[in-house]
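Below you'll find the structure, written out as structure tokens, and then a few comments.
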There are 2 protein chains.
Amino acid sequence: MREAYHEQLDALFDDLAAISVQVTKAVHDASRALLTSDAAIAETVISDDKEIDRAAESVEDAAFLLLSLQQPVAGDLRTIVAALRMVSELERMGDLSVHVAKIARLRVPEIAVPPQARPTLLRMATVAEEMVSRLGPIIGGRDVAAAEELELMDDEMDQLRVTTFSQLLVGEWTHGIESAVDIALLGRYYERIADHAVSVAHRVVFVVTGQHPVGVS
Amino acid sequence: MREAYHEQLDALFDDLAAISVQVTKAVHDASRALLTSDAAIAETVISDDKEIDRAAESVEDAAFLLLSLQQPVAGDLRTIVAALRMVSELERMGDLSVHVAKIARLRVPEIAVPPQARPTLLRMATVAEEMVSRLGPIIGGRDVAAAEELELMDDEMDQLRVTTFSQLLVGEWTHGIESAVDIALLGRYYERIADHAVSVAHRVVFVVTGQHPVGVS
């Protein structure tokens, strides 16, 4: 009985890892749609988000059933509550990818990101995708060391956000208001995707060690 | 024993209602700092967010303890899991108020919101504060009817967001890039505060009725 229970707990984390793979694809495709002005890919990101939502609901139901039937205490309880929070964060990262895809779609056939901002946004997209892609192995393998590395990548994301603001605000921005608003919001969306990735990684650290990572409340 | 348990469950909801009052103050003060360029009030919002975080942690600990010691099933389990989610949303609304306050602080002694955008932003601030202020009675009184009303207020917020975009993008914006970026981000922050308020209200409906509100997954 206890063994079957721990198998169910592992299955929960495997399902979370699988959702993180879906989210990685969403982030990748949204960025591709954005940087190449591809309406079809943008549509796919928007419509496929329902699948992420469904998968998230199914993990929530499984976690709830485990709480309800197994009456876990201490470490197991902490693990299931953490899983419930991780699934909310992953679902949110899917929503943020949809926001990126919608900006891409809104500007087709133009490319929402003008040449002046392209290197920074491309790097933001790359860092975000890389961070999300690491979550699968971090969650699946309960990899504390890899989880802690995400923090450093997030520092780069924060720096990139500052760079977008300087590009917009130093007075050399020649692409108009609409484009500036797009870049400001895109920067916010990528930053939030990265924040959620760090938060998911922190929850894995907490599940494994029982401690929040240093410097995190 | 069971009675003491249900008292603890009620206390959990009273604590959530109390946090929503703290968040209402944060939203109110952040908007005041924004619209009057008051650095001191902005600082208060930023520093007082720690108190919201602390209160949220204390509710999380209490919910965790209830899960752990009381081994609740069915409705009670659903209620405690909902409380854990509501506290995350309230904490996030505090963070978003800090974002508003930081934009206010960044532009002192100027006012971040130029006259052209002032009526819309003022209305957004008013709607956001009104929505958050209703959460206390909704949570404390498990008021399903009042919870459902928040949906209508959120429709107005979405419409206000569209209005800010038209003001920025119709080509009559005369206040420069910096100001446009501020307005776009402020619109996003207020919209998210409203989204979280609706989400908290939905969870109250779910706790009381066992059903998600119509049209909500």
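The values are calculated or read from the model by the stated rules, or taken from the named source; none is laboratory data. The structure displayed is predicted, hence computed values, not measured ones. No Cβ is skipped: glycine too gets one built from the backbone with ideal geometry, and neighbour counts run over all protein chains shown. These accessible areas exclude ligands, DNA and RNA; they are computed on the full protein's heavy atoms, side chains included. Shrake-Rupley method; radii C 1.70, N 1.55, O 1.52, S 1.80 Å.
Brief remarks follow.
- Yes/no for B:Val59 being within 14 Å of another protein chain (Cβ to nearest Cβ) and among the aliphatic types (A, V, I, L, M): yes
- If the condition is being open to solvent by 10 Å² or more (accessible area, probe 1.4 Å), farther than 19 Å from A:Val23 by Cβ, in contact (Cβ under 8 Å) with a residue 40 or more places away in the chain and of a type in the set (Ser, Thr, Tyr), then segment A:124-171 contributes only A:Thr163.
- Considering residues of segment A:172-205 that are of a type outside the set (Ser, Thr, Tyr) and in a loop (DSSP other than H, G, I, E, B) only, the residue least open to solvent (accessible area, probe 1.4 Å): A:Trp173
- Qualifying residue in segment B:24-44 (condition: part of a loop (DSSP other than H, G, I, E, B) and away from every other protein chain (no Cβ under 11 Å)): yes
- Pick from segment B:76-91, criterion open to solvent by 10 Å² or more (accessible area, probe 1.4 Å) and closer than 15 Å to B:Glu7 by Cα, ranking: farthest from the other protein chains (Cβ to nearest Cβ): B:Thr79
- Complete set of residues in segment B:109-118 that are surrounded by 15 or more Cβ atoms within 10 Å (Cβ to Cβ) and part of a loop (DSSP other than H, G, I, E, B): B:Ile111, B:Ala112, B:Val113, B:Pro114
- Taking the numbered list (1) open to solvent by 20 Å² or more (accessible area, probe 1.4 Å); (2) free of Cβ contacts under 8 Å to residues at least 40 places away in the same chain; (3) farther than 19 Å from A:Val127 by Cα; (4) within 20 Å of the chain's Cα centre (by Cα) in turn, A:Ser68 passes all entries but (4).
- Segment A:45-56, residues that are more than 10 Å from chain B (Cβ to nearest Cβ) and not small (Gly, Ala, Ser): A:Val45, A:Ile46, A:Asp48, A:Asp49, A:Glu51, A:Ile52
- Condition broken by B:Leu121, with the remaining ones in (1) in contact (Cβ under 8 Å) with a residue 24 or more places away in the chain; (2) surrounded by fewer than 21 Cβ atoms within 10 Å (Cβ to Cβ); (3) closer than 30 Å to A:Thr174 by Cβ satisfied: (2)
- Taken together, B:Leu168, B:Leu160 contain a single residue that is within 14 Å of another protein chain (Cβ to nearest Cβ) and among the hydrophobic types (A, V, I, L, M, F, W, C), which is B:Leu168.
A quick yes/no check of all residues on (1) touching a Leu at 6+ places or on another chain (Cβ under 6 Å); (2) more than 18 Å from A:Met153 (Cβ to Cβ); (3) at pLDDT below 95:
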| residue | (1), (2), (3) |
| --- | --- |
| A:Leu66 | no, yes, yes |
| A:Leu69 | no, yes, yes |
| A:Val81 | no, yes, yes |
| A:Arg118 | no, yes, no |
| A:Met124 | yes, no, no |
| A:Val127 | no, no, no |
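- Taking the criterion of being of a type in the set (Val, Ile, Thr) and assigned to a helix (DSSP H, G or I), the residues of segment B:133-171 that qualify are B:Ile138, B:Ile139, B:Val144, B:Val162, B:Thr163, B:Thr164.
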